[in-house]
Amino acid sequence: MKKRLIGLAVALIALLGVVPAASASTTRAAAKTAVTATVAAAVPAAPAAGNPCGGSAYACADGNFYAWNGNNGSRCQWAGNAPTFGNCRNTDYLIANYGYKCAGCDWIHLFYSPNYSGAYFCLPPGYAYGQATSPGLTFNKGAGRPGYGQSIWYNAASASWGAAC
C-alpha cells in the first residue's frame, strides 16, 4: 500500500509538471482531470457488488455477522443467531456476513421483527451492504408478513444463520 501511495504521488508530481501554464482555474481543472485519471488507472478493479473482499465469498470469513448502529456508530456482532439486536435493533445502517462456509448455515436471514419473525432479507456469505451504497434493499422474502417491502435500513430486529434463499 505504501509503495502504491508513493507511486501515485510521483505520478501526480509528474502530471502537474506537464500541465500547460494557463489561468489558475484551467490549471486546477486540468490537474484534477489528470489526478482522477491517474488514480482511476492505479486502483484495482472493484470486487463483485456487495463483496468487499472480492473473489471467494469466504475471503473475509471470521465466523460473525455484523450490524452497525446508525445512531452512534457502534458495532454489534454475533457468531450465532440473534433473536434480538440489542442496541442495534432498528438502527442498522451497515450489515456484513463474514460467516464460515458450512452447508445450509452460512447465509444470514435478516428479519423485520424480533425472534426471527416478519419478512426477511437474505445476506449471502462474504457480502456487506450499507445504506449509502444500497439504499433500495428491502425485506423481500415472506410476502404477507409484517415488514414485507419495507427498507432493511433502520428496521432490522433479528437475524439467523441459514441456507441460501
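Values quoted throughout were computed directly from the atomic coordinates according to the rules given, and no laboratory measurement underlies them. Every value quoted in this text rests on a predicted model; they were computed, and no experiment measured them. Cβ: placed from backbone, ideal geometry, glycine included. Neighbour counts: every protein chain shown.
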Within the under-14-Å Cβ sphere about SER117, not counting SER117, Lys/Arg +1 and Asp/Glu -1 give a net charge of +3
The answer for trypsin sites (Lys or Arg not before Pro) in the stretch 83-164 that fall in a DSSP coil and have at most 14 neighbouring Cβ atoms within 10 Å is LYS101
If the chain between SER134 and ALA164 were fully extended at 0.36 nm per residue, the gain over the current Cα-Cα distance would be 8.8 nm
For GLY99, the net charge from surrounding residues (Cβ-Cβ under 9 Å; K, R +1; D, E -1) works out to -1
Binned at 10 Å starting from 0, the alpha-carbon pair-distance distribution of the stretch 64-162 in whole percents comes out as 19, 55, 25, 1
Under the Karplus relation with 6.51, -1.76 and 1.60 and θ = phi - 60°, whole-Hz ³J(HN,Hα) for the stretch 87-102, x at Gly and Pro, equal 6, 9, 5, 6, 10, 5, 10, 9, 9, 8, 10, 10, x, 7, 5, 7
Given a Förster distance of 35 Å, the FRET efficiency implied by the Cβ-Cβ spacing of LYS101 and TYR148, rounded to the nearest 0.05, works out to 0.75
